[in-house]
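Q: Just dropping this structure here.
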Amino acid sequence: MPCRVLLAEDHQIVRDGLRALLEQAGHMVVGEAADGRTACRLAHKLQPDVAILDVSMPVLNGLDAMRGIQRVSPRTRTIFLTMYAERPFVLRAMQAGARGYVLKSQAAQEVLRAIRAVLRGAVYLGPDVAALLVEAYRHADGELDDPLTLREREVLQLVGEGRTTKAIAGVLGISFKTAESHRNRIMKKLDIHETAGLVRYAIRRGLLRA
């Protein structure tokens, strides 16, 4: 069943390969984004059937981009195509409403299988991911708890990307004082008081690449 697809991935060469794969299979790539915030804007405008996202993207990570897409295009089904196989990423993605999770290390055909499945209303997990998810639920240990709000995660990601407080305020459309307040609140919640520590936390949470 052909469908309209939005691609969000910050590596052009990966997007090019995905576009070729999808178009060969009869799907239509209606938009491409190199960061999560652009993906949300395009989803609002284009209302795609499926959005294929990476977990780690600039400006806004894939998990929060998916939440934004769900708000502006609720009929869009999200599939993650990512290198992150660690169970915290998989669990957070599925709990947040992802319909598919495929690893980049798996065969390209897994992406097409995932699309077919989610268009039928099913959930699709790549073979390695399915085994990992079963094991994770057998040993649930509260590792998904996140004390930060969506806005605080956005600020944290931008801090990790090396943005100044003034730049963060510009990206998010908020005042300098508000951006500074968010940063201070993040440090207090996490009990982390230096930028390097915030960066390490953001990497563990999949907001940044190591």
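The values are calculated or read from the model by the stated rules, or taken from the named source; none is laboratory data. Just so you know, these numbers come straight off a predicted model, no measurement behind them. FYI the Cβ positions are ideal-geometry reconstructions off the backbone, even for glycines, and counts take in every protein chain you see.
Q: Tell me which of these LEU6 doesn't satisfy, since it passes every other one: (1) assigned to a loop (DSSP other than H, G, I, E, B); (2) of a type in the set (A, V, I, L, M); (3) at negative phi; (4) touching an Asp or Glu at 6+ places or on another chain (Cβ under 9 Å).
A: Here LEU6 clears every test but (1).
Q: What's the total number of residues in the range 156-182 that are at pLDDT 90 or above and either charged (D, E, K, R) or not assigned by TED's automatic domain parsing to the domain that holds LEU198 (or both)?
A: The qualifying residues number 3.
Q: Among the helices (runs of 4 or more DSSP H) lying completely within the range 33-108, list those that include at least 2 residues that are under 23 Å from GLY17 (Cα atoms) and within 11 Å of the chain's Cα centre (by Cα).
A: Numbers: elements: 36-46, 62-72, 87-95.
The qualifying helices (runs of 4 or more DSSP H) are 36-46, 62-72.
Q: What do you reckon, is ARG153 outside any loop (DSSP other than H, G, I, E, B), modelled with pLDDT of 85 or more and buried (at least 16 other Cβ atoms within 10 Å of the Cβ)? Reasoning before the result, please.
A: Working: outside any loop (DSSP other than H, G, I, E, B): yes; modelled with pLDDT of 85 or more: yes; buried (at least 16 other Cβ atoms within 10 Å of the Cβ): yes.
Yes, satisfied.
Q: Something else about it: From the set of residues in the range 103-123 that are aliphatic (A, V, I, L, M) and without any contact (Cβ under 8 Å) to a residue 60 or more places away in the chain, which is farthest from ILE79 (Cα to Cα)? Show your work before the answer.
A: To start, the set of residues in the range 103-123 that are aliphatic (A, V, I, L, M) comprises 103, 107-108, 111-112, 114-115, 117-119, 122-123.
Subsequent filtering for residues that are without any contact (Cβ under 8 Å) to a residue 60 or more places away in the chain retains 103, 107, 114, 117, 122-123.
Values: LEU103: 11, ALA107: 15, ALA114: 7, ALA117: 10, ALA122: 12, VAL123: 9 Å.
Per the stated criteria, the residue is ALA107.
Q: Residues of the range 88-139 being modelled with pLDDT under 75 and of a type in the set (Gly, Ala, Ser), which ones?
A: Scanning the range 88-139 gives ALA130, ALA131, ALA136.
Q: On the given criteria, is ASP16 charged (D, E, K, R) and in contact with a Lys or Arg (Cβ under 6 Å, 6 or more places away or on another chain)?
A: Numbers: charged (D, E, K, R): yes; in contact with a Lys or Arg (Cβ under 6 Å, 6 or more places away or on another chain): no.
Judged against the criteria, ASP16 is not a match.
Conditions tested, residue by residue: (1) closer than 18 Å to GLY36 by Cα; (2) surrounded by 15 or more Cβ atoms within 10 Å (Cβ to Cβ).
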site: ILE79; (1), (2): yes, yes
site: THR82; (1), (2): yes, yes
site: GLN95; (1), (2): no, no
site: LEU119; (1), (2): no, yes
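Q: Scan the range 141-167 for residues that are closer than 28 Å to LEU91 by Cβ and free of Cβ contacts under 8 Å to residues at least 40 places away in the same chain and jot them down.
A: The first filter runs over the range 141-167 and keeps only residues closer than 28 Å to LEU91 by Cβ, leaving 141-161.
ASP141, GLY142, ASP145, THR149, ARG151, GLU152, VAL155 - these are the residues of the range 141-167 that are closer than 28 Å to LEU91 by Cβ and free of Cβ contacts under 8 Å to residues at least 40 places away in the same chain.
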